[in-house]
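> One structure is given below, represented as structure tokens, and several questions about it will come after.
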Amino acid sequence: MLITIEINGEQRTFDIHPGMTLLELLRSQGFYGVKHGCETGECGVCAVIMDGRLVNTCVMLAAQADGHAIITIEGIGTPDHLHPLQQAFVDHGAIQCGYCTPAQILAAKALLDENPAPTHEEVLDALSGVLCRCTGYKKPVEAVKAVIAEQGGGRHAS
Amino acid sequence: MLSHIREYHRPKTIEEALALLRRPSVPTAILAGGTQLVARRAPGVNAVVDLQALNLQGIRMDASAVHIGAMTPIQDLIQSEVSRQYASGLLAKAARHCAPRNIRNAATIGGTVASADSRDELYVALVACGATVILNEEEGSGLAIEALTPERLRYDIITRIVVPPAHCGVLERVARTPSDRAIVAVAAVRAPYAGGRSLCRVAIGGISPRVVTATTVASDASQARSELRWHVDTPLGDAVASAPYRQAVTDVLVSRAIEALWR
């Protein structure tokens with residue numbers, strides 16, 4: 001079956017098997033920042049932003065995304081011009097193995113796009129769906145809060 | 001790859017969805033958010049009917065009840081002003097505990113009701129509120145959510161959840177950590193009744209495979225506490241907590257909940 005998804009601002013059409021998950025589709029198209037973790041929706045490393053909200057791609061059929069807009073980590077920042085959240089994660093030592101990092105950054109981006117001045121609890125809640133075995137979450141949270149402070153709690157550049 | 005799923009449908013009307021669901025020759029399942037069906041690998045399913053085009057999202061309040069579209073994401077219950085105001089924000093509080101943010105963004109309230117998981121605090125809260133479901137958008141089809149059976153859901157579609165009025169609500173819980181799933185959760189609601197009294201309805205999750213309920217009419221917390229009775233057919237015990245622990249904790253949580261309802 002044919003589906004059309006906007007991925008990182010570009011309309012893409014795919015011929016897929018109905019039982020293909022969105023995770024499988026994205027990775028088959030080279031979006032390797034979308035990580036393969038648990039396949040049960042528990043760990044969150046496969047998360048992308050769909051229509052402004054963070055969702056786990058391993059528990060979503062690709063066909064469900066037909067007609068929707070997705071942002072992956074490849075769609076924000078570049079190696080030469082990091083997104084403020086990516087830069088903050090680097091600056092604050094919030095990356096160890098790096099496996100959960102794309103999803104954590106997307107979680108933070110989804111939060112700040114919706115609410116530029118979240119509370120501490122709202123930051124924790126936004127990141128709650130991405131498990132990290134390395135950092136203990138302290139530095140990723142610090143990195144996100146640094147971006148919030150830097151941007152004065154106001155509207156930040158996407 | 002769920003290779004056994006050979007058909008994906010996204011109907012635009014409920015009639016179309018029902019026709020697909022009721023085909024005798026093709027094992028077909030409802031696809032709401034997908035967080036349960038796809039996570040469980042959709043066993044025995046050859047076709048899915050995605051409800052996202054049926055316009056079943058939204059939360060509204062009228063004079064008689066709060067109406068929640070079955071395809072409303074759980075996260076919307078937390079962000080909606082209507083649900084934050086209803087019964088002291090009981091549904092919003094319970095929704096926050098039922099899953100992490102990623103799942104709440106995709107999982108739907110219809111899926112929560114269909115799964116009837118006694119450990120799901122949102123489900124427990126809906127039972128306490130006396131919520132009913134509308135099937136296939138047929139007015140008059142209202143059914144208590146506890147009365148839903150897998151057989152009924154095989155051929156019908158939950159389209160709306162209707163929550164009757166309440167003065168206030170409370171959620172008491174015990175868990176290993178504040179953000180963990182509850183070991184035992186008690187949701188309680190105080191609703192209008194005649195003669196200056198209140199209807200007190202309690203739902204207990206985590207002590208039995210099915211949610212345990214208890215209802216009484218009382219003038220105050222003391223009377224409610226003394227008259228409320230509940231029965232557990234099949235006590236639940238597992239590696240997380242034993243059945244005697246869950247029973248003991250339940251008594252404390254119910255007592256706290258009732259006290260809070262009249263505070």
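> Would you pick out the residues in region B:8-27 that are open to solvent by 10 Å² or more (accessible area, probe 1.4 Å) and either hydrophobic (A, V, I, L, M, F, W, C) or within 19 Å of A:Met60 (Cβ to Cβ) (or both)?
At the first step, the residues of region B:8-27 found to be open to solvent by 10 Å² or more (accessible area, probe 1.4 Å) are B:8-10, B:12-16, B:18-20, B:22-27.
Answer for region B:8-27, where residues must be open to solvent by 10 Å² or more (accessible area, probe 1.4 Å) and either hydrophobic (A, V, I, L, M, F, W, C) or within 19 Å of A:Met60 (Cβ to Cβ) (or both): B:Tyr8, B:His9, B:Arg10, B:Ile14, B:Leu18, B:Ala19, B:Leu20, B:Val26.
> What is the one condition in (1) farther than 23 Å from B:Asp180 by Cβ; (2) within 11 Å of another protein chain (Cβ to nearest Cβ) that A:Pro116 does not satisfy?
In the conditions (1) farther than 23 Å from B:Asp180 by Cβ; (2) within 11 Å of another protein chain (Cβ to nearest Cβ), A:Pro116 misses (2) alone.
> Moving on to the next point. Could you pull out the residue among A:Ala110, A:Ala143, A:Ala103 that is over 18 Å from A:Ile71 (Cα atoms), of a type in the set (Gly, Ala, Ser) and surrounded by 23 or more Cβ atoms within 10 Å (Cβ to Cβ)? Show your work before the answer.
Details: A:Ala110 fails: over 18 Å from A:Ile71 (Cα atoms); A:Ala103 fails: over 18 Å from A:Ile71 (Cα atoms).
Exactly one of A:Ala110, A:Ala143, A:Ala103 is over 18 Å from A:Ile71 (Cα atoms), of a type in the set (Gly, Ala, Ser) and surrounded by 23 or more Cβ atoms within 10 Å (Cβ to Cβ), namely A:Ala143.
> Now for a separate question. Condition first: more than 10 Å from chain B (Cβ to nearest Cβ) and of a type in the set (Val, Ile, Thr). Now tell me which residues in region A:21-44 satisfy that.
Result: A:Val34, single match.
> Same structure, new question: Can you name the residue in region A:46-61 that is in a strand (DSSP E or B), in contact (Cβ under 8 Å) with a residue 24 or more places away in the chain and touching a strand residue (DSSP E or B) at 6+ places or on another chain (Cβ under 7 Å) and, of all such residues, is nearest to B:Ala47 (Cα to Cα)?
Filtering region A:46-61 for residues that are in a strand (DSSP E or B), in contact (Cβ under 8 Å) with a residue 24 or more places away in the chain and touching a strand residue (DSSP E or B) at 6+ places or on another chain (Cβ under 7 Å), the one nearest to B:Ala47 (Cα to Cα) comes out as A:Leu61.
> Do any helices (runs of 4 or more DSSP H) entirely within region A:62-156 hold 2 or more residues that are of a type in the set (Gly, Ala, Ser), and if so, which? It would help to see each step written out before you state the result.
Numbers: elements: A:84-91, A:101-114, A:120-127, A:138-150.
Output list reads A:101-114, A:138-150.
> Name every residue in region A:63-87 that is over 14 Å from the mean Cα position of the chain (by Cα), more than 9 Å from every other protein chain (Cβ to nearest Cβ) and open to solvent by less than 10 Å² (accessible area, probe 1.4 Å), in order of residue number.
Selection gives A:Ala65 alone.
> Taking the conditions exactly as written (modelled with pLDDT of 95 or more, open to solvent by 50 Å² or more (accessible area, probe 1.4 Å), in contact with a helix residue (DSSP H, G or I) (Cβ under 8 Å, 6 or more places away or on another chain) and within 13 Å of another protein chain (Cβ to nearest Cβ)), does B:Gln36 satisfy them or not?
Against the criterion (modelled with pLDDT of 95 or more, open to solvent by 50 Å² or more (accessible area, probe 1.4 Å), in contact with a helix residue (DSSP H, G or I) (Cβ under 8 Å, 6 or more places away or on another chain) and within 13 Å of another protein chain (Cβ to nearest Cβ)), B:Gln36 does not qualify.
> State which residue pairs qualify: first residue away from every other protein chain (no Cβ under 11 Å) and over 15 Å from B:Glu137 (Cα atoms) and inside region B:42-55, second residue of a type in the set (A, V, I, L, M) and buried (at least 20 other Cβ atoms within 10 Å of the Cβ) in any location, beta carbons under 6 Å apart, and separation of 6 or more residues or different chains.
B:Val49/B:Ala17; B:Val49/B:Leu21; B:Val49/B:Ile30
> Across region B:212-227, which residue is farthest from B:Cys168 (Cα to Cα) among those that are within 22 Å of the chain's Cα centre (by Cα) and open to solvent by less than 60 Å² (accessible area, probe 1.4 Å)?
Going residue by residue through region B:212-227, those that are within 22 Å of the chain's Cα centre (by Cα) are B:212-216.
Still in the list and also open to solvent by less than 60 Å² (accessible area, probe 1.4 Å): B:212, B:214, B:216.
Working: B:Val212: 20, B:Ala214: 17, B:Thr216: 15 Å.
It comes out as B:Val212.
> Next up: What number goes with the only condition from (1) open to solvent by less than 10 Å² (accessible area, probe 1.4 Å); (2) facing chain A (nearest Cβ under 9 Å) that B:Ala95 does not pass?
All conditions pass for B:Ala95, except number (2).
> Another one. Considering only region B:99-116, state which residues are away from chain A (no Cβ under 12 Å), open to solvent by 10 Å² or more (accessible area, probe 1.4 Å) and hydrophobic (A, V, I, L, M, F, W, C).
B:Ala114, B:Ala116
> For B:Arg119, state whether it is surrounded by fewer than 24 Cβ atoms within 10 Å (Cβ to Cβ) and within 14 Å of the chain's Cα centre (by Cα). Full working, then the answer.
Numbers: surrounded by fewer than 24 Cβ atoms within 10 Å (Cβ to Cβ): yes; within 14 Å of the chain's Cα centre (by Cα): yes.
Here the answer is yes, as B:Arg119 does meet what is asked.
> Report every pair of residues separated by at least 6 positions or lying on different chains whose Cβ atoms are under 7 Å apart, first residue within region A:114-132 and surrounded by fewer than 19 Cβ atoms within 10 Å (Cβ to Cβ), second among the polar types (S, T, N, Q).
Short answer, once both residue conditions are applied: A:Pro116/A:Gln151; A:Glu122/A:Asn115.
> Residues in region B:68-89: is at least one open to solvent by less than 10 Å² (accessible area, probe 1.4 Å), among the basic types (Lys, Arg) and more than 13 Å from the chain's Cα centre (by Cα)?
The answer is no; no qualifying residue exists.
> Now, a different point. Return the residues of region B:228-261 that are open to solvent by less than 40 Å² (accessible area, probe 1.4 Å) and hydrophobic (A, V, I, L, M, F, W, C); say none if nothing qualifies.
Our first condition is that a residue be open to solvent by less than 40 Å² (accessible area, probe 1.4 Å); within region B:228-261, this holds for B:228, B:232, B:241, B:243, B:246, B:249-250, B:253-254, B:257-258, B:260-261.
Within region B:228-261, B:Leu228, B:Val232, B:Ala241, B:Ala243, B:Val249, B:Leu253, B:Val254, B:Ala257, B:Ile258, B:Ala260, B:Leu261 meet the criteria.
The values are calculated or read from the model by the stated rules, or taken from the named source; none is laboratory data. This is a predicted model, so every value here is computed, not measured. Glycine also receives a Cβ, built like all others from the backbone with ideal geometry; neighbour counts cover every protein chain displayed. To get the accessible areas, we keep the full protein, side chains included, count just its heavy atoms, and leave off ligands, DNA and RNA. Shrake-Rupley method; radii C 1.70, N 1.55, O 1.52, S 1.80 Å.
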